Amino acid sequence: MIRRLFLFLVCVFGFLPGAIALERTLTEEEETLIKAIGAHNSAIGSMAGRFLQIDTAGGRVEGTFFLQRPDKIRFRYAPPSREEIVSAGRGFYILDRAERTKYVYPQDKVPLRQFLTDQIDFLSANLSNVVMTDTFISITLFDESPIGTVEVALIFERESLDLWQWTLIEPSGAELTFSIYDIVKDVEIPRSFFYIDPTYKSISDPTQ
């Protein structure tokens, strides 16, 4: 399951037809809120918590995550999975602790990187959509990659300014929602959590 999540993050949106830049001018309220979200989250040096992944069929996968700015994050799926994603700024690694294998994808090709920096500036990123409700704001970003246009929607709570979830949509319309909860901020995270074991065997295709 972690491999499927990672592939969504880095490539599936390359096949979306015509993701385009925002076709309207942001309102003053939207622009102010987006700036505040960037400043608020940039100031959070580290965080840890749990995540829940739900797909269109209702499949649920849980795990824990650890984030340290800039550019470090670890997603670890709950047992029986032995896989995880680790980034230490050089790339995103899919690790299989059972098989002792690793697959690396360049850091600058993964949309999530825009939330990992310590200077978050969504207004300077490629915006394709912004939607506000009374309680949430959804910020959709896109990037060009070797496989095409990559798009991801980040959803933040308006009151707390915290990231709540992001949603990915397949070309078929199927959705994958990734929510985070039980968050603890500015915690001490051991450096070993972002360690990539050099003895793991590199593989060329993470789906094999």
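Within the range 61-101, the residues that satisfy the criterion of being modelled with pLDDT of 90 or more, outside any loop (DSSP other than H, G, I, E, B), over 16 Å from the mean Cα position of the chain (by Cα) and not hydroxyl-bearing (S, T, Y) are L95, D96. Against the numbered list (1) modelled with pLDDT of 95 or more; (2) in contact with a Lys or Arg (Cβ under 9 Å, 6 or more places away or on another chain); (3) within 23 Å of F92 (Cβ to Cβ), L33 comes up short only at (3). Take T199 and decide whether it is more than 21 Å from G63 (Cβ to Cβ), β-branched (V, I, T) and modelled with pLDDT of 90 or more. In short, yes.
Are any residues in the range 187-201 basic (K, R) and within 18 Å of V104 (Cα to Cα), and if so, which ones?
K201
Whenever a residue of the range 47-72 is free of Cβ contacts under 8 Å to residues at least 40 places away in the same chain, its partners that are among the small types (G, A, S) and in a strand (DSSP E or B), lying with C-beta atoms within less than 8 angstrom and at least six residues away or across chains, give the pairs T64/A48; T64/G49.
Filtered by the rule that a residue be free of Cβ contacts under 8 Å to residues at least 12 places away in the same chain and of a type outside the set (S, T, N, Q), the range 23-38 gives E23, R24, E28. For the range 18-69, which positions are farther than 22 Å from D186 by Cα, touching a helix residue (DSSP H, G or I) at 6+ places or on another chain (Cβ under 8 Å) and among the charged types (D, E, K, R)? Hit for the range 18-69 is E31, nothing else.
What do you reckon, is I137 at pLDDT 90 or above, in a strand (DSSP E or B) and of a type in the set (V, I, T)? When the stated conditions are applied, I137 passes them. The single condition among (1) surrounded by fewer than 16 Cβ atoms within 10 Å (Cβ to Cβ); (2) within 13 Å of the chain's Cα centre (by Cα) that K35 does not satisfy is (2).
Scanning the range 63-94 for residues that are under 18 Å from A48 (Cβ atoms), surrounded by 14 or more Cβ atoms within 10 Å (Cβ to Cβ) and of a type outside the set (G, A, S) yields a total of 16.
Quick check on P106: is it closer than 24 Å to T177 by Cβ and either at pLDDT below 90 or among the polar types (S, T, N, Q) (or both)? No, not satisfied.
Say whether the condition of being modelled with pLDDT under 75, in a strand (DSSP E or B) and of a type in the set (D, E) is met by at least one residue in the range 145-159. For the range 145-159, residues modelled with pLDDT under 75, in a strand (DSSP E or B) and of a type in the set (D, E): present. Evaluating D121 against the criteria (1) under 30 Å from E28 (Cβ atoms); (2) modelled with pLDDT under 80; (3) charged (D, E, K, R); (4) out of contact with any strand residue (DSSP E or B) (no Cβ under 8 Å at 6 or more places or on another chain) leaves one unmet condition, (2).
The values are calculated or read from the model by the stated rules, or taken from the named source; none is laboratory data. All values derive from a computational prediction rather than experimental measurement. With ideal geometry, Cβ positions are generated from the backbone for all residues, glycine too; neighbour counts draw on all protein chains shown.
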